[in-house]
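Asker: I'd like to ask you about the structure that follows.
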Amino acid sequence: MVEIQDTLVSFDVFKEMFCCDLHSCGGACCVEGDAGAPLALDEIAGLEEAAEVLNVELTPEAREVINKEGVAYIDKDGQMVSSIVNGKDCVFAVRDKEGMTLCAIDRAYREGRLNIQKPLSCALYPIRLSRVGGMTALNYHRWNVCGGACKLGKELNLPLYKFLKEPLIRAFGKEWYDECELVCGELKKAGYI
């Protein structure tokens, strides 16, 4: 790991190649797993607003979960996560005409219909954040459903940190990202990646 400002960044963030490929996975990250997406407390109000705005776009099952349980819950590990339907689907997961699973929040944001972005943990995936002492650690989370994304990333020669430039700047700022690029160059020169 390497220290950048108040973060610890795994070498994998620089050396692993990655580019989401929805045609390969179908949006599995929105429907697979045993809990919802990790959330920060300050994201809850935005998700509640998004649920109101996007109500008619969500599945009937998702609307029922939101009405009964809200947009988030505490999972078995004590983490605040997005609510899920049938033990797996995020309540904001929707299917397009081709059957791909998409985030209703992200789609509406990109179309200019919503000022709220999808949760940061979703935007940063497959990077997962954790706390180590007083620092934030950035680690690459390997998941078999992302095999197509790894393959496409290799074909494009696209390092994970470059693929996630926008959400990394959202999370840590442009100055942090600029330093990240400098560090990557130094790690390459030194032969670490």
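Asker: Just the residues that are exposed (fewer than 15 other Cβ atoms within 10 Å of the Cβ) and either among the hydrophobic types (A, V, I, L, M, F, W, C) or touching a helix residue (DSSP H, G or I) at 6+ places or on another chain (Cβ under 7 Å) (or both), please, taken from region 111-132.
Answerer: Within region 111-132, V132 is the sole residue that qualifies.
Asker: Take region 148-163 and flag every residue that is part of a helix (DSSP H, G or I) and open to solvent by 90 Å² or more (accessible area, probe 1.4 Å).
Answerer: If the condition is that a residue be part of a helix (DSSP H, G or I) and open to solvent by 90 Å² or more (accessible area, probe 1.4 Å), then K151, K154, E155, L156, K162 are the ones that fit.
Asker: Restricting attention to region 67-126, and to residues there that are in a strand (DSSP E or B) and polar (S, T, N, Q), which single residue is modelled with the highest pLDDT? Break it down stepwise before answering.
Answerer: Kept after step one, since they are in a strand (DSSP E or B), are these residues of region 67-126: 72-74, 80-82, 84-85, 89-90, 93-95, 101-103.
From the residues that got through so far, the ones that are polar (S, T, N, Q) too are 82, 101.
Details: S82: 94, T101: 90.
Ranking the qualifying residues of region 67-126, first place goes to S82.
Asker: Name the pairs: first residue in region 164-189 and open to solvent by less than 60 Å² (accessible area, probe 1.4 Å), second residue not in a helix (DSSP H, G or I), Cβ to Cβ under 6 Å, at least 6 apart or on different chains?
Answerer: W176/Q5; C180/I4; V183/V2; V183/I4; L187/I193
Asker: Something else now. If you scan region 10-42, which residues turn out to be crowded, with 17+ Cβ neighbours inside 10 Å and of a type in the set (S, T, N, Q)?
Answerer: S10 - this is the single residue of region 10-42 that is crowded, with 17+ Cβ neighbours inside 10 Å and of a type in the set (S, T, N, Q).
The values are calculated or read from the model by the stated rules, or taken from the named source; none is laboratory data. What you see is a predicted model; the values in this text were computed from it and never measured. Here the Cβ is made from the backbone with ideal geometry for all residues, glycine too, and neighbour counts use every protein chain on show. Protein only, heavy atoms only, side chains kept; ligands, DNA and RNA dropped before computing areas. Shrake-Rupley method; radii C 1.70, N 1.55, O 1.52, S 1.80 Å.
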